[in-house]
Amino acid sequence: MPVISNSRARRRTALALALAGLASGAPTTGASPATARPKAAPAPAAECSAAYRIERKLSTGTTWRMCWRYHKEAGLVLEHITYQPPGEPRPIKVLASAKLGQIHVPYDDGRNEYHDLTQAGFGQGLKDLAPGECPGGTIRTVRVPEAWDPSHQNVKGLCTTTRSRGHAYRMQGDTAGKVFQEQGKDLLVYTVNQVGWYEYITEWRFQDDGTINMNVGATGPLSPMDYDAGDGRGWPIGKGAKAYATSHSHNVFWRLHFNLDGSAKGRIEQYDSKVGAPANGRPAPTNKTTRTAVTKELAGDARNMRWWRVVSATGKNKDGHRRSYELVPGASAKYPGRGYTRHDVYFTEYDKCEQYASDNLPNCGAGHGRSVDKWVNGQALKNPVVRVNVGFHHVARDEDQQPLPVHWQGLSVVPRDVTAMNPLTPAEPAGQNGRPA
C-alpha cells in the first residue's frame, strides 16, 4: 500500500505548503542547529558536537546528557543517553539509542492500512514550533533530509525545555510537623510531525529520578475523507447519523537499544507473580514472584503481575546490586490483525538492518523478514534490542472535532537498583538505607 500511504501524506502536505506560501510570500530558510543551542558546559566524553548535544542540569541536581540526530523516516533519534543524579561522581550510561520503530495505522473497514514512518512521510512532515509551544525552553533548527519542500529544509522543530511534574515524594518525619517533600522536574524533548491529517507529538520526558517516559500524542483535524464507514466500523459525527468517521488503530512501536554502564551485552529477565490461597495458617493469600532469564529472542505478552527488566552486564550500585531498567508499558489496545502487532514486547538480537517493526528496510538480504515477528527465531540474546508495541483503537466522538484533543500512548523505563537509594533523598534521612537499626 505504499501508493495509498504516500498520496495520503503528500495530499495533506501539498495543501499545507500552498497555504504557507500564501502566508509568507517568500521561501523560508533556517539557521543552523548551532545557533539555537543553549549555553552549557561541555558534556564529559561528548560523543557529538555541541550543535547536536542536549545537556540539562535540573534544579533538583540531576543532569541528563544525550546526542540527537534527525532521520528521514524515523524522525528524531536520541543517542548516548546518560543520567547523573546527585551523589554520583560520573554519568551513568543508559541507552545507546532510542527512537520510534513504526506507527502502524489500519482502518476498521479494511480499505486502508498505513505504515506512517516508512510509507507516509513522517520524517519529512516535521513542523515548525512557535515559541509558545516550548515555554522556557529552546527551539533548535533541524535540517530535514530529503525535504519535500526544498525551500524549507531547515525547520525550527526540536523543543528542549523543563517541566514540573508535581510531587517527587512526600514523607512525614518522626518529629511532629516535619515534612520531607520535593517537587519533581523533567527535561522534555519533543517534535511535531504531520502525516496526512494527523499531527504526531513525539515526546521524551527525562525525570530527575532517572525515569524516561516516551509518548506519542495524536492531534490535528479529523480526516474529511474518512466518513464513509457503516455502523460497527465507525461513529456518527455531526448532525444526525449520516456521516460515520471510520474507526482505526494506532499501533506505535518504540525501538530501544540499552547500553547500561557502557555495555550493550545486558540480559533480559521476566518476572511473574502468582497469588495463592493462605498457607500455614496465615490469614491472607500468598503471592510468590518468580524470575525467568530470557536467554533467547522472545515475543512477549503483558499479563497481570508480569514485568521485564534489562540488567547491566557490568555495573552495580553502591549496595552491590546489578543496575537495571524496568519496562512499564502504558495502557494498550492490542491489535490482532497482523503478526507484528499481536505481542506487546519483542526482544531480538541486535541486527543493524532491523530498524522498523513493520515494512522494514528492503535490503536486508534474501529471506530476511520485513517485520519484527519474523526476527524472533530462537537466536541467543547477547546484545538485545527492545521493541515495545502500544496500541490505541480510535473510535471518533463528537468532541474530536475540531481540532482533535491529543490522545497519548506510550511507556516508561524505570530505574531499578540504578542507585542505592532514592537519588533525590534529602540529607536528614540519607542514612536510612536497608533495615532500620
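Grab the DSSP H runs of the chain that are 4 residues or longer, score each as -39,500 (n - 2.57), total them, divide by all residues and round the 222 nm result to the nearest 500 deg cm²/dmol.
Mean residue ellipticity at 222 nm (helix-derived): -2000 deg cm²/dmol.
Quick one: what are the phi-derived ³J(HN,Hα) couplings along region 130-139, Karplus 6.51/-1.76/1.60 with θ = phi - 60°, whole Hz, x for glycine and proline?
Calculated HN-Hα couplings, in order: 7, x, x, 7, 9, x, x, x, 10, 9 Hz.
Report the Cα centroid-to-centroid distance between region 81-159 and region 269-327 in angstrom, as an integer.
33 Å
Karplus couplings for region 153-158 from phi (6.51 cos²θ - 1.76 cosθ + 1.60, θ = phi - 60°), rounded to Hz, Gly and Pro as x?
With the stated coefficients, region 153-158 comes to 7, 9, 10, 7, x, 10 Hz.
Using θ = phi - 60° and the Karplus curve 6.51 cos²θ - 1.76 cosθ + 1.60, what whole-Hz ³J(HN,Hα) does each residue of region 177-189 get, with Gly and Pro shown as x?
Values per residue, Gly and Pro as x: x, 8, 10, 9, 8, 9, 8, x, 10, 10, 8, 10, 10 Hz.
Which residue fluctuates the most in the chain, going by a Gaussian network model with Cα springs under 10 Å, if the choices are S273, S247, S412?
Taking springs between Cα atoms under 10 Å, the residue moving most is S273.
Residues with amide H under 5 Å of A168's amide H, sequence separation 5 or more or different chain, H placed in the peptide plane at 1.01 Å from N; which?
The answer is E182, Q183, G184.
Working out 0.36 nm times the residue gap between E88 and H71, then minus their Cα-Cα distance, what length gain in nm do you get to one decimal?
Extra length from E88 to H71 when fully extended: 2.8 nm.
Once the piece of chain linking A427 and R303 is laid out straight, how much longer is it, given 0.36 nm per residue of separation minus the C-alpha distance between them?
Length difference between fully extended and current span is 40.7 nm.
Taking every pair of alpha-carbon atoms in region 330-437, what share in percent sits in each 5 Å bin, from 0 to the bin with the longest distance?
Spelled out bin by bin, region 330-437 gives 2, 9, 14, 13, 12, 11, 9, 10, 9, 6, 4, 1, 0 percent.
What FRET efficiency would be calculated for the residue pair D228, E399, taking the C-beta separation as r and a Förster radius of 22 Å, to the nearest 0.05?
With R0 = 22 Å, the Cβ-Cβ based efficiency is 0.55.
Taking only protein heavy atoms and a 1.4 Å probe, what accessible area per residue, in Å², does region 313-355 have with all protein chains in place?
49 Å²
What FRET efficiency would be calculated for the residue pair R143, H407, taking the C-beta separation as r and a Förster radius of 45 Å, to the nearest 0.05?
0.90
Could you identify which residue out of C67, C364, C134 has the top mean-square fluctuation in a GNM of the chain using Cα springs shorter than 10 Å?
It is C364.
So what does log10 I(q)/I(0) come out to for the chain at q = 0.06, 0.09, 0.11 Å⁻¹, using the Debye formula with one equal point on every Cα and no solvent?
-0.29, -0.64, -0.94
Springs between alpha-carbon atoms under 10 Å, Gaussian network over the chain: tell me which of H115, H368, H71 tops the mean-square fluctuations.
With Cα springs under 10 Å in the chain, the top fluctuation among H115, H368, H71 is at H368.
Which FRET efficiency value, to the nearest 0.05, do you get for R165 and N377 by plugging their Cβ-Cβ distance into 1/(1 + (r/R0)^6) with R0 = 51 Å?
0.80
Keeping all protein chains in place, calculate the accessible area per residue for region 53-101 (probe 1.4 angstrom), answer in Å².
32 Å²
The values are calculated or read from the model by the stated rules, or taken from the named source; none is laboratory data. This structure is a prediction, so every number in the text was calculated from the model and none was measured. Virtual Cβ from ideal backbone geometry, glycine too; neighbours counted across all protein chains shown. Accessible surface areas use protein heavy atoms only, side chains included; no ligands, DNA or RNA. Shrake-Rupley method; radii C 1.70, N 1.55, O 1.52, S 1.80 Å.
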